[in-house]
Amino acid sequence: MLKIANIRTILTAPEGVDLLAVKVETSEPGLYGIGCATFTQRNLAVACVVEQFLRPLLLGRDPQYISDIWHTVAGSSYWRGGPVLNSALSGVDMALWDIKGKLAGMPLYQLWGGKRRAGVTAYTHVRGRSAEEVVQKAREKLRQGYRFLRCHTDEAEESCGAELYKPQDAPAGAYFSPNKYQCAQINMFKLLREEFGWDVSLCHDVHERLTPTEALGFAREMEPFHLAFLEDILAPEQSEWLERIRKQCVTPIAMGELFNDPKDWLTLVTQRRIDYIRCHISQLGGITPALKLIPVCDAFGVRTAWHGPCDITPVGHAVNIHLDFAAPNFGIQEWMKEPGERLREVFPGTPWCKDGFLYVTDSPGTGVDIDEEAAARYPCSHSLPAWTLKRRPDGTAVWP
Ligand code: CO
């Protein structure tokens, strides 16, 4: 019988972002799988769960029983879910699917019914200190072949020179003006449409920073620009408000990178309050739950737009793209920026973008390997980023 012989975590930061990969080794020499368990802000907690709890739980089991292992791990803590436990579970789950693909001799998308499209359409990020800078950078991205851009101007950020009226003893922080933020984005989209016309898809991420009524007004103001979607217009805690936004405007809504549990998305999908689901696959607990989420969304006309930031490993990006190739309701794939040379060195088989389309290798499994010697050359800093908290001018802390 094939057995799980070892489970290890590999921490590495080839490009300055802390990443966490999980390697599941089997009793068959040379047969192993790699998963993404990155939760940059809490990687050490995730690594502890994998090494101290999942390793002893799973050693000796047959790695082919993915569904049973998923449930065994999820249930083993009794209190389940949340980003730390789900990321740990994801690392193992993705690695087991990688092994499954290698046993079958097929890339993952083949296991899920084969490719439904020749390339996976990507959107990339364009960010600038002014609307003019965004236009200039957008022109360069369009020249590279992208036809779908996420645009954001930082004019409302104090760090970019916005003048705010603040009380004397306001604590240090990332201050922004909510009014100026909205005006600046509206002016930027006006300029983008004037410059590039209507044959370019544009989207914007609000990052939950508005109050519900501000969000409603902002979604309406965005209507004339025909955005592909407006993302995280509200924090998940306020998602009941989406019903009102839906009734009052047609700006498409994307949400989901913060979801961990089916309870977070089920009502939003079945009530058709979102157009795109943006889950971060490792936050869900890996591929196994994603394969259940996709057909539910499809039945309700909701398309996928998986979270694809820099703080996931190329294994995580590859998993996104395999799902994108196979899903009937694929919408768009986030691809924040091109992986650099160091990342490709540590993760041979890293996916790539050409003319705005994403591709994976045709190697069995995820198609991404890890060079552990190279990984060890780029240690993690375990420092916390500043972007996770913003402040309004009076000092009130708000979501990012
Ligand atoms: Co986002």
Could you list 324, 169, 355 in order of exposure, starting from the residue whose Cβ has the fewest other Cβ atoms within 10 Å?
169, 355, 324
Could you tell me the extents of the stretch 81-160's C-alpha atoms along the three principal axes, largest first, rounded to whole Å?
52, 35, 15
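What is the chain's relative contact order, in percent, from Cα pairs under 8 angstrom and six or more apart in sequence?
About 23 percent, as a whole number.
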Estimated distance in nm for a label pair at residue 388 and residue 240, the labels positioned 7 Å out from Cα along Cα-to-Cβ
2.8
Using DSSP loop states and a limit of at most 16 other Cβ atoms within 10 Å to flag trypsin sites (Lys or Arg not before Pro), what is the longest stretch of the chain containing no flagged site?
148-271
Considering Cα pairs under 8 angstrom that are at least six residues apart, work out the relative contact order of the stretch 232-370 and quote it in whole percent.
18
Shape descriptors of the chain over alpha-carbon atoms, Rg and Dmax in angstrom, are 21.2, 69
Going by Cα centres, the stretch 170-199 and the stretch 287-302 are how many Å apart?
33
Proportion of all alpha-carbon pairs of the stretch 28-83 beyond 15 Å (%):
58
Taking the alpha-carbon set of the stretch 188-244, what are its Rg and Dmax in Å?
12.3, 37
Distance between Cα centroids, the stretch 1-52 to the stretch 203-282: provide it in whole Å.
33
Which is farthest toward the positive dipole end of the chain among 200, 271, 381, measuring Cα position about the Cα centre, with Cβ charges +1 (Lys, Arg) and -1 (Asp, Glu)?
271
Greater than 28 Å separation of Cα atoms is the criterion. Which listed pairs, 3/292; 115/263; 141/180; 190/337; 3/337, meet it?
115/263; 3/337
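Would you kindly calculate the translational diffusion coefficient of the stretch 286-358, applying Stokes-Einstein with the Kirkwood radius from alpha carbon pairs, for 25 °C and a viscosity of 0.890 mPa s, and quote it in µm² s⁻¹ without decimals?
188
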Across 5 Å bins from the origin, how do the percents of Cα pairs in the stretch 310-400 run, short distances first?
2, 11, 19, 18, 15, 12, 10, 7, 4, 1, 0
Would you mind giving the three semi-axes, in whole Å and largest first, of the ellipsoid equivalent to the stretch 113-236 according to its Cα gyration tensor?
29, 17, 14
Would you mind calculating the gained length between residue 396 and residue 187 on full extension (0.36 nm times residue separation, minus the Cα-Cα distance), in nm to one decimal?
72.6 nm
Between residue 28 and residue 165, the FRET efficiency computed from the C-beta separation at R0 = 56 Å comes out, to the nearest 0.05, as 0.25
Using modelled amide H (1.01 Å from N, peptide plane; none on Pro or chain starts), what sits under 5 Å from the amide H of residue 279, excluding residues fewer than 5 places away?
305, 307
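I need the fraction of alpha carbon pairs in the stretch 4-139 separated by more than 18 Å, rounded to a whole percent.
62
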Histogram of C-alpha separations across the stretch 145-210, 5 Å bin width, %:
3, 15, 23, 21, 15, 11, 6, 3, 2, 1
Assuming a viscosity of 1.567 mPa s and a temperature of 4 °C, what translational diffusion coefficient in µm² per second does Stokes-Einstein assign to the stretch 247-400, Rh being the Kirkwood radius over Cα pairs?
75
What does the extension gain come out to for residue 68 and residue 136, with contour length at 0.36 nm per residue minus their alpha carbon separation?
19.4 nm
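Quick note: the coordinates plus some simple rules give every number you see, no bench work behind them. As the structure is a computational prediction, the values presented were derived from the model and not from experiment. Cβ sites come from the backbone with ideal geometry, for glycine too, and all protein chains shown count toward neighbours.
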